[in-house]
Amino acid sequence: MQGNYDRIVASFDEMNLKENLLRGVYAFGYEKPSAIQQRAIVPCCTTRDVIAQAQSGTGKTATFSIAILQRIDEKKPCVQALVMAPTRELAQQIQKVMCALGDYMKVKVHACIGGTSIRDDQRKLEAGVHVVVGTPGRVNDMINREILTTDAIKMFVLDEADEMLSRATMPADVLDVTECFMRNPIRILVKKEELTLEGIRQFYVNVQKDEYKFETLCDLYNVINVTQSVIFCNTRRKVCIFRTRAGLASNRNFVFLEFREISRSLTSSFLTLLSSS
């Protein structure tokens, strides 16, 4: 399925954003919108349904965050937008981005995720928030308890839509599911061969067992001159394993600091995306 929308808005100033939101966008560090932002922010600010997919690291979280902040009525202290994310870490990251972009606005954004106090969720929701960013389990629980009301919600975002539907790409069956819930959606999709950023070369190494990964990584660093890098793990547990892999738990900080000193690397357990590519 191909995209059906190609309008481009070249600058944030041309998007007719609220003055305080525009201040927040520039304060966040943006100067010029990325390709996905040029195409998706304006339609997302309307009442149209939108399916958006683009390369990793192109500002998709900011895309829907800006659209939500544009549509929120700050004077109404009720939940007007709901964002669903597949992991707690991603939900927290989205909440931080949205708060930063809305720094000059009077918008309250709450992360409703598992592993936190239900009473805290209840207290904050009853006090009034404009946007809820959460994981499916906790959000469903809050709705069933009638703590989170959906009557005033006018914008719903399914972040990492393919991941939430247990898929690795945005295949036809995922798009078929959207037909049940979306009305003539605008589709901003990229071709499979264009799913990686230009200028990035990709390689992979097959390893037979999980425990071989750390040794293989160290071998690569021994033969390749790497000045800076980012290492992503899909769970916090694996990050901890990386930190303790070479010795006893009591030495984990030393091991990690030594590894970081050698490679100048950052180990992280999540990556922010709108829809996986």
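The loop-placed GluC sites (Glu not before Pro) in the range 7-55, going by DSSP, that have at most 11 neighbouring Cβ atoms within 10 Å of their Cβ come out as 31.
Fewest neighbouring Cβ atoms within 10 Å first, the residues 203, 242, 232, 28 line up as 203, 232, 28, 242. Residues of the range 36-59 falling in the label zone of residue 184, defined by backbone nitrogen less than 18 Å from a point 7 Å along Cα to beta-carbon, are 43-51. The order of 5, 26, 204, going from fewest to most other C-beta atoms within 10 Å of their C-beta, is 204, 26, 5. Rounded, prolate or oblate: which fits the range 12-194 when a ≥ b ≥ c are the square roots of the eigenvalues of the alpha-carbon gyration tensor, with rounded for a/c under 1.5 and prolate only if a/b beats b/c? Oblate, because a/c is 1.5 or more while a/b does not exceed b/c. Pairs 32/213; 75/96; 32/106: which are spaced more than 27 Å apart, C-alpha to C-alpha? Check vs 27 Å cut-off fails for 32/213. Ordered by the count of other Cβ atoms within 10 Å of each Cβ, fewest first, 130, 110 give 110, 130.
Each value in this text was obtained by applying a stated rule to the coordinates, not by laboratory testing. What you are looking at is a predicted structure, and each value in this text was computed from that prediction instead of being measured. Reconstructed Cβ throughout: ideal geometry from the backbone, glycine too, with neighbour counts over all protein chains shown.
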